[in-house]
Amino acid sequence: MQAISYCLKDTANLWYQSLINKPQDFNAFKVEFLRYFSNNNSINRLVNAFTTMKQGETEAVTTYLGRFHQNLCQIQAIDANYFTAPQILNQFICGLRSSILQHVCPLHPGTLQDAVTRARDFESAESETNSIVLVLLYFWVEMFLDLSYSR
């Protein structure tokens, strides 16, 4: 952590030198640095991006969850208590694409993990159903083509 003071310049270096209890590791430093130097516009932009985030129509739940966690971690690096667990859960559910949202929401998942599991389960079932429909369509087309060539 001593190397940090050599990397900081001007205001950042003055701030670091003025700390009575210097952070013991980089993560603690990052939290303190962001807390001191972030302004309300920065946190407001992050919160706005987080609260308006939606899963894309073809985006996998896992990919959406990754973006969700990345944005949440950026906010929590500035203020770990900005959102409560129920607010985080509600935001995740509200951001799901409509075909998944309509099946997850009525189940009233109690935790984020529960919501993720239910969303993944439905996504998997939706994918299997689509595969079956495609196979049936393929066989129907094959049968139609066989009938039209035999005439």
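The values are calculated or read from the model by the stated rules, or taken from the named source; none is laboratory data. Note that this is a predicted model, so its numbers are computed, not measured. Backbone-built Cβ (ideal geometry, glycine too); neighbour counts: all protein chains shown. Just the protein is used for accessible areas: all its heavy atoms, side chains included, with ligands, DNA and RNA removed. Shrake-Rupley method; radii C 1.70, N 1.55, O 1.52, S 1.80 Å.
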Check: Got at least one residue in region 52-68 being more than 30 Å from residue 100 (Cα to Cα) and either open to solvent by 70 Å² or more (accessible area, probe 1.4 Å) or touching a helix residue (DSSP H, G or I) at 6+ places or on another chain (Cβ under 8 Å) (or both)?
Finding: no
For region 25-51, the count of residues that are of a type outside the set (Ser, Thr, Tyr) and either exposed (fewer than 15 other Cβ atoms within 10 Å of the Cβ) or at positive phi (or both) equals 14
### Task
Would you check if residue 46 is more than 28 Å from the chain's Cα centre (by Cα) and in a helix (DSSP H, G or I)?
no
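Taking region 98-143 as the search range and keeping residues that are polar (S, T, N, Q) and at pLDDT 65 or above, which one is farthest from residue 56 (Cα to Cα)? Break it down into steps so the answer makes sense when it comes.
Restricting attention to region 98-143, the residues satisfying the condition of being polar (S, T, N, Q) are 98-99, 102, 111, 113, 117, 124, 127, 129-131.
If we keep only those that are at pLDDT 65 or above as well, we get 98-99, 102, 111, 113, 117, 124, 127.
Details: 98: 10, 99: 11, 102: 15, 111: 22, 113: 20, 117: 18, 124: 16, 127: 15 Å.
It comes out as 111.
Step by step: first the residues of region 97-112, then only those that are of a type in the set (Gly, Ala, Ser) and part of a helix (DSSP H, G or I), then the one that is least open to solvent (accessible area, probe 1.4 Å). Which residue is that? Steps first, please.
So in region 97-112, the residues of a type in the set (Gly, Ala, Ser) come out as 98-99, 110.
Filter once more, so that each one left must be part of a helix (DSSP H, G or I): 98-99.
Working: 98: 75, 99: 31 Å².
For region 97-112, the residue satisfying everything is 99.
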Scanning region 70-79 for residues that are free of Cβ contacts under 8 Å to residues at least 24 places away in the same chain and open to solvent by 60 Å² or more (accessible area, probe 1.4 Å), the one farthest from residue 55 (Cα to Cα) turns out to be 76
Selection over region 81-96 where residues are open to solvent by 60 Å² or more (accessible area, probe 1.4 Å) and either farther than 21 Å from residue 57 by Cα or touching a Leu at 6+ places or on another chain (Cβ under 6 Å) (or both) yields a count of 6
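Of the residues in region 57-82, how many are over 17 Å from residue 115 (Cα atoms) and not acidic (Asp, Glu)? Steps first, please.
Within region 57-82, the subset over 17 Å from residue 115 (Cα atoms) is 57-58, 70-71, 73-82.
Subset that is not acidic (Asp, Glu): 58, 70-71, 73-78, 80-82.
Total satisfying the criteria: 12.
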Flagged in region 1-24 as at pLDDT 80 or above, open to solvent by less than 80 Å² (accessible area, probe 1.4 Å) and assigned to a loop (DSSP other than H, G, I, E, B), in numbering order, are 8, 19, 22, 23
